[in-house]
Amino acid sequence: MKIPTTLKHKPVIVSENYEQIDGRYANHSDAKGLSLGLAQWNDRGKIDISAKVWRYTGEKWSRQSEELPLHRVLDLAILVSRSILHFQDAYRFKDLYDPEQPVLDRVGLQGDAMTISVCTDNEKIKEDMQLFNQALGEDGEMIGERLRTLSRMLKELGY
């Protein structure tokens with residue numbers, strides 16, 4: 001299915017077969033494509049690149065399609081990576097985290113830091129940590145494949 005080019009987000013680089021590789025939703029996903037392009041929120045004279053997940057309901061392109069600035073996509077990758085790192089050793093804690101030290105990391109960015117922590121405001125955090133850990137385990141091969149690919153490409157880029 002072709003990603004529309006007549007909407008406010010203007011695709012430049014696309015993956016139009018995303019539903020075939022969308023993790024556990026592969027071959028039955030409403031996420032039909034990914035694109036990098038010119039952001040829909042661009043003001044005249046100001047250009048931003050965004051990433052977009054294109055969802056299709058079977059009848060029309062969904063308003064639930066997501067568009068994110070590239071730095072947020074990378075921030076999410078940082079959050080995912082640091083979370084996986086935490087869960088590799090989380091078995092050491094009774095509830096998979098230390099309630100006395102819920103901050104997992106502070107990642108320096110732009111002269112400040114992104115604080116990554118367990119959401120202790122979640123009243124079911126103990127159960128949800130277990131479920132999150134279980135899901136990471138079940139999806140480990142799929143996530144690992146993507147992380148290895150990302151690592152290889154980052155090395156090719158010199159990072």
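Each value in this text was obtained by applying a stated rule to the coordinates, not by laboratory testing. Computed from a prediction, not measured in an experiment: that's the story for all the values here. Note that each Cβ is placed from the backbone with ideal geometry, even for glycine, and that neighbours are counted across all protein chains shown.
Which of the lysines could be linked to LYS124 by a straight reach, that is with a Cα gap under 19 Å, when you skip same-chain ones fewer than 8 residues away?
Qualifying lysines at Cα under 19 Å: LYS94.
Output ³J(HN,Hα) for the stretch 117-132: one whole-Hz value per residue in order, computed from phi by the Karplus curve 6.51 cos²θ - 1.76 cosθ + 1.60 with θ = phi - 60°, and x for Gly and Pro.
Values, residue by residue: 8, 6, 7, 6, 6, 6, 5, 10, 4, 4, 5, 5, 5, 5, 5, 4 Hz.
From the phi angles alone, apply the Karplus equation (6.51, -1.76, 1.60; θ = phi - 60°) to the stretch 77-84 and give each ³J(HN,Hα) in whole Hz, x where the residue is Gly or Pro.
5, 5, 4, 4, 4, 5, 5, 4
List the longest stretch of the chain that has no exposed loop site; here a site is one of the GluC sites (Glu not before Pro) assigned by DSSP to anything other than H, G, I, E or B, with at most 12 other Cβ within 10 Å.
Longest site-free region, per DSSP loop and neighbour criteria: 1-58.
Can you tell me the Rg and the Dmax, both Å, for the Cα atoms in the stretch 10-64?
12.7, 41
Using Cα pairs under 8 angstrom and six or more residues apart, how large is the relative contact order of the stretch 3-159, in percent?
12
Could you list the trypsin sites (Lys or Arg not before Pro) in the stretch 117-159 that lie in coil according to DSSP, counting only those with at most 14 other Cβ atoms within 10 Å of their Cβ?
Within the stretch 117-159, the qualifying trypsin sites (Lys or Arg not before Pro) (loop, at most 14 other Cβ atoms within 10 Å) are LYS124.
Please list, in chain and number order, the residues 5+ apart from ARG55 or on another chain whose amide H is under 5 Å from its amide H, with Hs placed from the backbone.
LYS32, SER62, SER65, GLU66
Given (i) 17.3; (ii) 18.2; (iii) 17.7, which label gives Kirkwood radius over Cα pairs in Å as computed from the coordinates?
Only one option fits the structure, namely (ii).
In whole Hz, what ³J(HN,Hα) sequence does the stretch 50-62 give by Karplus (6.51, -1.76, 1.60; θ = phi - 60°), x for Gly and Pro?
Residue by residue, the stretch 50-62 yields 9, 9, 9, 9, 9, 9, 10, 7, x, 10, 8, 5, 7 Hz.
Could you pull out the chymotrypsin sites (Phe, Trp or Tyr not before Pro) across the stretch 1-85 that fall in loop regions by DSSP (anything but H, G, I, E, B) with no more than 16 other Cβ atoms inside 10 Å?
Passing sites in the stretch 1-85 are TRP41.
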